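Asks: Below are the structure tokens for one structure; questions will follow.
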Amino acid sequence: MQASKATIAMAAAASLLALAPLAQAQVRAPGEPPRPETAEAGLWAMFEEAETQARRRSDRNNDPALNAYVSDLTCRIAADHCRDIRVYVMDRPVFNATAAANGYVEVWSGLMLRAETEDELAFVIGHEVAHFLEEHSYERLRQQKIVSNALTVFSLGVGAAGLYYQVDVSAVIDAAYLAGVSGVFAYSQTQESQADQLGLQIADKVGFDASAGPSIWLNLQAENKESSFRRVRNAEASGSAFRTHPLTETRVKTLSEQARELGMRGTTREDRLRYRAIIRPYLAEWIEDEHRNRDFGRLLHLLERLGRDGEDLGLINYHKAEVYRRRREEGDDVLALSAYRAAATHSDVPVVAFRELGDLEIRAGNKAAARDALNKYRELAPEADDLWIIEDQLARLERDGQ
């Protein structure tokens, strides 16, 4: 894949960082552009270019209501610095958020899907706001680590997705885009720990529950343990001086201690239902995107958690069935049939579930049940492109006398 003009421009900006003087103890308000003769200005230019690319990308979610919600939430957390921050919601099935020194913030759908409450989302956004307020990007630059990292990324054309959780998403997110921004979004373990603690403190100060800090990491840890990929399951097995994030066990312990000091109250079902109502319009699309990662174990675990309050069970059971259908391991046909049947009992079941249910009922020899499912699909989707296939299946069932 050839690098885009924008990526080349970002590479040039990265090269300039090595030549520009580093500002010493520069005093300025967060969000104020750095002096043009400094290396910080080169880093700022890179973030400006990254923001331009993000604004134009096809996977940017442009829904006004969703963007207004996330932007308002970010403003509550950023307080006096609200006007310095611009938030972009990106439809990407990865648990991730990023913040740049120029106030450009990305919040990914994989994060919003996994957050159980607004408090948990607020904690992660608070973490990113903390990076911004503490000017961690510039701190890394002053340590002269970010220069070599950025130049290496650009020269090799290699990117790593996700400040929070790394997965192979080369088929999901444009590699050139990642190559352009990933190297300059990296922070040290110390900075990540500082952002965790300050982010939780900021969120707590404006009224969010401190238990959200450890709880979101506990849920992610449990999900990763169910991964179909050994590298994900073993990711927490060993520490390294070169890790950009503290081990989850350490994060949970530190955040739990801080949450107790702040006076956490704990998550309630009402909290979860309130947040679910906000993301429900996007739930179907976001879950469908998760299938593209092909991590069946993690997705099944996530779906179980999404359904624990008895909400959206038509959609959730449908996607459980889809996991089994696409995984195709021994016994998955039986599991898929059971999940499709469960989905069909709920009003929010996707119409396509009846088509898949009919097909599996035929394979199982349940022809009367297959006819009922296919007729239901025909009734609910009278303009479907595949209706001729359904008619043919029904005709065969009729000829068989079922």
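The values are calculated or read from the model by the stated rules, or taken from the named source; none is laboratory data. Owing to the predicted nature of the structure, the values given are computational and were not obtained by experimental measurement. Quick reminder, even Gly has a Cβ in these numbers, built from the backbone with ideal geometry, and neighbours come from all protein chains shown. To get the accessible areas, we keep the full protein, side chains included, count just its heavy atoms, and leave off ligands, DNA and RNA. Shrake-Rupley method; radii C 1.70, N 1.55, O 1.52, S 1.80 Å.
Asks: Taking the Cα-to-Cβ direction at Glu249 and at Asp386 and moving 7 Å from each Cα, how far apart do the two end points lie in nm?
Replies: Each label point is offset 7 Å from its Cα along the Cβ direction, giving 4.6 nm.
Asks: Follow-up question, since we're still on this one. Starting from the residue with the highest accessible area, list Ile202, Ile125 in decreasing order, probe 1.4 Å.
Replies: Reading off the accessible areas and sorting them downward yields Ile202, Ile125.
Asks: At a probe radius of 1.4 Å, what is the per-residue accessible area of Leu313, in Å² to the nearest 10?
Replies: Answer for Leu313: close to 50 Å² accessible.
Asks: Could you check how much of the accessible area of segment 67-108 is carbon and sulfur, as a whole percent, using a 1.4 Å probe?
Replies: On the way: 580 of 1180 Å².
The value for segment 67-108 is 49 percent carbon and sulfur by accessible area.
Asks: Say the dipole of segment 267-336 comes from +1 at the beta carbon of Lys and Arg and -1 at that of Asp and Glu; which of Ala277, Gly297, Tyr318 then lies farthest toward its positive end?
Replies: Result: Ala277.
Asks: With all protein chains present, calculate the accessible area of Glu249 using a 1.4 Å probe and round the result to the nearest 10 Å².
Replies: Ignoring ligands and nucleic acids, Glu249 comes out at about 110 Å².
Asks: With +1 on each Lys and Arg Cβ and -1 on each Asp and Glu Cβ, how big is the dipole of segment 59-141 about its Cα centre, in debye rounded to the nearest 20?
Replies: For this selection, approximately 220 debye.
Asks: Picking from Leu360, Ile390, Leu380, whose Cα lies most toward the positive end of the charge dipole for segment 354-402 (charges on Cβ: Lys, Arg +1; Asp, Glu -1)?
Replies: Sorting the options by dipole projection puts first Leu360.
Asks: Now for a separate question. Size of the dipole of segment 283-402 about the Cα centre, Lys and Arg at +1 and Asp and Glu at -1 on the beta carbon, nothing else charged, in debye to 20?
Replies: Rounded to the nearest 20 debye, it is 380 debye.
Asks: On to the next question. On the protein heavy atoms, probe 1.4 angstrom, tell me the percent of accessible surface of segment 246-337 carried by carbon and sulfur.
Replies: About 47 percent, which is the carbon plus sulfur part of the accessible surface.
Asks: Sort out for me the Cα centre separation of segment 337-362 from segment 297-315, rounded to whole Å.
Replies: 16 Å
Asks: Ok, one more. Using a simple spin-label model with points 7 Å from Cα along the Cα→Cβ vector, what separation in nm is obtained for Arg35 and Arg328?
Replies: 6.3 nm
Asks: Mind running the shape call on segment 69-118? Use the C-alpha gyration tensor, a ≥ b ≥ c as the square roots of the eigenvalues: rounded below 1.5 for a/c, prolate if a/b tops b/c, oblate otherwise.
Replies: oblate
Asks: Output ³J(HN,Hα) for segment 376-384: one whole-Hz value per residue in order, computed from phi by the Karplus curve 6.51 cos²θ - 1.76 cosθ + 1.60 with θ = phi - 60°, and x for Gly and Pro.
Replies: Using θ = phi - 60°, the values come out as 5, 5, 4, 5, 7, 10, x, 10, 5 Hz.
Asks: Expressed as a whole number of Å, what is the distance separating the alpha-carbon centroids of segment 259-290 and segment 379-402?
Replies: So the two Cα centres are separated by 40 Å.
Asks: OK, next. With the cut-off at 21 Å, report for segment 245-402 the share of all Cα pairs above it, as a whole percent.
Replies: Everything past 21 Å amounts to 57 percent.
Asks: Okay, moving on. With every protein chain left in place and a probe of 1.4 Å, what is the accessible surface of Val232, to the nearest 10 Å²?
Replies: Number for this one is 10 Å².
Asks: Would you mind pulling out the separation of the Cα centroids of segment 91-118 and segment 209-226, in Å?
Replies: 15 Å
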